[in-house]
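S.K.: What follows is a structure written as C-alpha cells; I'll ask about it next.
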Amino acid sequence: MRDTKINRVVVVGPGALGGLLASSLCRIIPGEIWVLDHDSHRAALLQDSGLTLERDGHIEHFLVQATADAKRIGPIPLVLLCVKSPALARTIPSLLPLLSENTLLLAWQNGIAHLPLLLAAQLPGTVAVAVTSLGAHLVGQGQVRFGGEGETSLGFLHKASPEARLALNEVVKLFQRAGLNAQVKNDILIQVWNKLLVNVGINALTAIYNCKNGGLLENAETLDLLQAAVLEAASVAQAKGIAIAPEPVARTIAVCRATANNISSMLQDVRQNRQTEIEAINGSILEEAKKLAIPAPINTELYAAIKALEKRYLPG
C-alpha cells in the first residue's frame, strides 16, 4: 500500500514556477527539497548558492539540494515536473530514477500538448496534472520574483486508485501549509482548458507587445486582440464538448489584473532567446480548430508573430 507521507520532494526544472514552488516548500520541509536540472553547471550553482524569493519587497533565501543526475536522488514520493512544454519529451526519460509505484508526479505545463505525451509514456507511479495562475518571474540564476496570487488545481485525467487520491489530498495539504491556494478538482481537464484560454489571451500578446500582463489592459488594441483570441479558443473548446467556465474573456482580464506586474513566461522566454510554448498554447488551438473546421484568424496571427520572433534567435 502507498505511503502517502511526503517527506521529500523534487522539482524538475528550476525556472520561475519551479523556483517559486521549491522556495515555498523549503519553508515546511527544510533540507528535503531537491532541484533536478539538465544543466550540471547550473545545478552546481544552485547547490552552492540556493534560491532567493522576492515578494512584496522582502527577500528570503533557501538552501536546496540540486543535481543534474536523477540517480543521486532516487525514488521519491513527489515529483513536481515544471519544465516547459517544448522540453517535456526529452525530459521524460531522465525522470525514471525518481519514480516508483509510490511516486506521485505532478505535471505543471501550460497548454494541452503535454497531456498525450504523459499518457503515452506509461511512467511508474501515478501522474496527475496541476493548473495554476500563480505568477512568478526569474530575475536571475536562482532568483525568483513573486508575480501574483493565484489558485492551483490538482487532479487526475483518468480514474485513480483510492491510494493515489489520498496522496493527492496530502499534496494539497502540503501546498496549503506552504501558503499556496491549492485544491483537488475532479474536472481537471476542464481546468486545463480554462487555463489554456487565459494563456491564449495573455502569453503571446505580452511577448509581441513586450509588456507585463497588466499592460494588455492599458491598450485598446491589445485588449481587443485578447478578447478575439480567447473567444476563438472558447469556440474550439465548446465544439469539442469541453464545459469551460462561463465568461472566459472576463476571467482572462481578471488574471491580467491579479498578475498585473508579472512578466509572462512567454515574454521571459523571448527576452532570454529561448523557445516558447507557442505550439502548446495558440498552436494547440490552431491544431484543434483545423480538425473542427473552425476559423481562428487571430490565433493564427499571434502564432505567426511569435514564430517570427523566435526565428530571430533560434538556430535554423
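S.K.: Using the Cα gyration tensor of the stretch 189-310, with a ≥ b ≥ c the square roots of its eigenvalues, what is the shape: rounded (a/c below 1.5), prolate (a/b larger than b/c) or oblate (neither)?
M.R.: Here the stretch 189-310 falls in the oblate category.
S.K.: Determine, for each peptide in 74-81, 263-270, 148-155, 285-292, the mean count of other beta carbons within 10 angstrom over its residues, then list the peptides with the highest first.
M.R.: 263-270, 74-81, 148-155, 285-292
S.K.: So what is the 222 nm mean residue ellipticity for the chain from helices alone, if each DSSP H run of at least 4 adds -39500 (n - 2.57) and you divide by all residues, rounding to the nearest 500 deg cm²/dmol?
M.R.: -13500 deg cm²/dmol, from helical runs alone.
S.K.: To one decimal place, what Kirkwood hydrodynamic radius in Å is obtained for the stretch 26-178 from all pairs of distinct Cα atoms?
M.R.: 16.5 Å
S.K.: Let me ask you something else. Amide H neighbours of Asn110 under 5 Å, at least 5 residues apart or on other chains, H built in the peptide plane: list them.
M.R.: Distant-sequence amide H within range of Asn110: Ser85.
S.K.: Considering amide H positions built from the backbone, and no H for Pro or chain starts, which residues 5 or more places from Ala136, or on another chain, come under 5 Å of its amide H?
M.R.: Hits under the 5 Å cutoff: Gly147.
S.K.: Among rounded, prolate and oblate, which fits the stretch 99-138 when a ≥ b ≥ c are the square roots of the eigenvalues of its C-alpha gyration tensor, a/c under 1.5 means rounded, and a/b larger than b/c means prolate?
M.R.: Note, shape of the stretch 99-138 comes out oblate.
S.K.: Mind listing the long-range amide H neighbours of Ala68? Cut-off is under 5 Å, sequence gap 5 or more, other chains count too, H placed in the peptide plane at 1.01 Å from N.
M.R.: Amide H to amide H, under 5 Å and 5 or more residues apart or across chains, Ala68 pairs with Asp37.
S.K.: Counting only DSSP beta bridges with both residues in the stretch 9-186, what percent are antiparallel, rounded to the nearest 5?
M.R.: Of all bridge pairs located within the stretch 9-186, approximately 35 percent are antiparallel.
S.K.: May I pose another question? Quick check for me: using +1 on Lys/Arg Cβ and -1 on Asp/Glu Cβ, what's the dipole size of the stretch 52-171 about its Cα centre, in debye to the nearest 20? Working shown, then result.
M.R.: Values: 8 positive and 9 negative charges, 82 e Å.
Approximately 400 debye in magnitude.
S.K.: Provide the per-residue ³J(HN,Hα) series for the stretch 151-163, in order, calculated from phi with Karplus coefficients 6.51, -1.76, 1.60 and θ = phi - 60°, each as a whole number of Hz, with x at glycine and proline positions.
M.R.: Per-residue couplings from phi come out as 7, 10, 10, 10, x, 9, 6, 10, 4, 10, 5, x, 5 Hz.
S.K.: Which ³J(HN,Hα) values, rounded to whole Hz and listed in residue order, are derived for the stretch 45-53 from phi using the Karplus coefficients 6.51, -1.76 and 1.60 in 6.51 cos²θ - 1.76 cosθ + 1.60 with θ = phi - 60°, glycine and proline given as x?
M.R.: Working through the residues one at a time gives 5, 5, 4, 7, 9, x, 10, 10, 10 Hz.
Read the figures in this text as sums done on the coordinates, not as results from a lab. Note that the structure is predicted; figures quoted are calculated from it, not measured. In this analysis, Cβ positions are derived from the backbone assuming ideal geometry, glycine residues included, and neighbour counts consider all displayed protein chains.
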